[in-house]
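Below is one structure, written out as structure tokens; the observations come after it.
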Amino acid sequence: MRAYFSRRYRISASHRLHTDAFSAEENRLVYGKCNNPHGHGHNYVIEVTLGGQVAPETGMVCNLVDLDACVRREVIERFDHTNLNFDPLFQERVPTTENLCIEVFGLLQAAFHKAEVVRVRIEETSNNSFEYPAGAHR
Amino acid sequence: MILLTRKAEFSASHYYWNDAWPEEENRRVFGKCANKNGHGHNYTLEVTVVGDVDTTSGFVVDLKQLKDIIEREVVSVYDHRHLNKEVPEFATAIPTTENIAIAVWRRLEGKVPGAKLFRVRVYEMPDLFADYYGEP
């Protein structure tokens, strides 16, 4: 039977929303206080969902120890207590949480092969959350 | 179509063990979850049903009825029990979060009048949960 397993992780990081494609006024207009020159930070919650058949011998979609190790290596060590704007992934792209979601999904999909990574959902604050892929309700 | 979710809680103990494996393999795969005297969790169950809104009542399903069905079929059987030892479906399946979600689905399927089960979500802890959508 196919089931889905989700685990939540936390990182704290700073970012500044700014693009050189806009003028200073446009950046201010579009991003508001998120454009303040020295950035600001969030406690992000990253929810990773895996899908797969439940193995009869373990009762699991995958062993959470393996997922924890992969997320720690690929995501937490990379982004926790960093300024996202300095990460190579965000040199060409603004580190919005939409883009962070897409990048975290890509990093995990490339590195984790013990189950299918079906969704990454990130809470930037308790009021804002983002999911990728869009519409993956499972 | 509207999705409607009802939560319930139960507290239970369990452990992970596969009788077909030697002890070392159980310890390697399941870690401290294999401690034979068990350990416990406060589980949160979210049952989501889907259906059309009844034009007269304005309901997809009567929430009180859904609450009573969850209580009768699941909570009264699982709450303050040792899942491995006291709940029949876990005599043959390891009571992982995934298997609990599947077992809850089986207990509820076809029992909710006027609505279809859409999802069963079981939180073992706030940071760890499993979803089952009735897929083979």
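The values are calculated or read from the model by the stated rules, or taken from the named source; none is laboratory data. Nothing here was measured: the structure is a model prediction, and the numbers come from that model. Please note: Cβ atoms are built from the backbone with ideal geometry, for glycine as well, and neighbour counts cover all protein chains shown.
At a glance:
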quantity	calculated
Elements of type strands (runs of 3 or more DSSP E) in the range B:27-136, at least 2 residues being facing chain A (nearest Cβ under 10 Å) and surrounded by 13 or more Cβ atoms within 10 Å (Cβ to Cβ)	B:116-125, B:128-132
Set A:E98, A:E47: member being out of contact with any Cys (no Cβ under 9 Å at 6 or more places or on another chain), at pLDDT 95 or above, within 14 Å of another protein chain (Cβ to nearest Cβ) and surrounded by 12 or more Cβ atoms within 10 Å (Cβ to Cβ)	A:E47
Elements of type strands (runs of 3 or more DSSP E) in the range A:33-138, at least 3 residues being closer than 28 Å to B:G31 by Cβ	A:40-53, A:116-123
Test result for B:G58, without any contact (Cβ under 8 Å) to a residue 12 or more places away in the chain and on the phi > 0 side of the Ramachandran plot	yes
Flag for A:Y4 being within 14 Å of chain B (Cβ to nearest Cβ), surrounded by 18 or more Cβ atoms within 10 Å (Cβ to Cβ), farther than 30 Å from B:I102 by Cβ and aromatic (F, W, Y)	no
From B:R119, B:R107, residue being in contact (Cβ under 8 Å) with a residue 12 or more places away in the chain and under 23 Å from A:L50 (Cβ atoms)	B:R119
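Okay, residues lined up against (1) of a type in the set (S, T, N, Q); (2) under 14 Å from the mean Cα position of the chain (by Cα):
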site	(1), (2)
A:A55	no, no
A:N63	yes, no
A:R72	no, yes
A:L100	no, yes
A:I122	no, yes
A:S129	yes, yes
